[in-house]
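What follows is a single structure, written as structure tokens, with notes after it.
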Amino acid sequence: MDLGPVRPNYLHLSIAQQVEPLVRQPEKKEIIEAVKAVNKAELFGQENELTFVLDRKSQKMLVRIVNKATGELVRQIPDDYVRRLASDLNAE
């Protein structure tokens with residue numbers, strides 16, 4: 001009976017994909033609670049709130065301070081120019 005070669009990288013990725021959501025769930029809850037506490041304390045002013053957003057293109061988290069009334073972006077970390085620079089460097 002011939003089973004063929006075993007590909008360790010494939011096995012590693014499959015296991016990591018199954019375990020990752022379980023590991024991240026408590027971490028995600030802690031971040032949500034921390035953001036709620038910061039916003040309740042109004043550390044960025046009464047008119048602004050802290051948010052976290054997943055950038056779909058880069059799959060990286062963005063930290064944003066947004067005006068609650070208008071939805072206007074006050075500040076973003078990392079800034080757009082830093083994200084473009086990183087993208088350009090990765091493309092080389």
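Readers should treat all values here as calculations from the given coordinates under stated rules, not as data from a laboratory. Values in this document were obtained by computation on a predicted structure and should not be read as measured data. Please note: Cβ atoms are built from the backbone with ideal geometry, for glycine as well, and neighbour counts cover all protein chains shown.
Using Cβ contacts closer than 10 Å as the measure, can you line up Glu92, Glu49 from fewest to most?
Numbers: Glu92 4, Glu49 20.
With the sparsest Cβ surroundings first, the list reads Glu92, Glu49.
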Note, segment 75-87: 3J(HN,Hα) by Karplus (6.51, -1.76, 1.60, θ = phi - 60°), whole Hz, Gly/Pro = x, goes 7, 9, 10, x, 5, 4, 5, 5, 5, 5, 4, 4, 5
Calc'd 3J(HN,Hα), segment 61-71, phi into Karplus 6.51 cos²θ - 1.76 cosθ + 1.60 (θ = phi - 60°), Hz, glycine/Pro = x, comes to 7, 10, 9, 10, 10, 10, 6, 5, 6, 9, x
Phi angles of segment 30-44, converted by Karplus (6.51 cos²θ - 1.76 cosθ + 1.60, θ = phi - 60°) into ³J(HN,Hα) in whole Hz with x for Gly and Pro, give 5, 5, 4, 5, 5, 5, 4, 5, 4, 5, 5, 6, 6, 5, 10
Bounding extents of segment 25-74 in its principal axis frame from Cα atoms, largest first in Å, are 29, 25, 12
Counting sequence-distant residues (5 or more places) and residues on other chains, those with an amide H built under 5 Å from that of Leu62 are Val53, Leu54, Asp55
For Asp80 and Thr51, extending 7 Å from Cα along the Cα-Cβ vector and measuring point to point gives, in nm, a value of 1.6 nm
Between Lys68 and residues 5 or more places away or on another chain, the pairs with built amide H atoms under 5 Å apart involve Asn48, Glu49
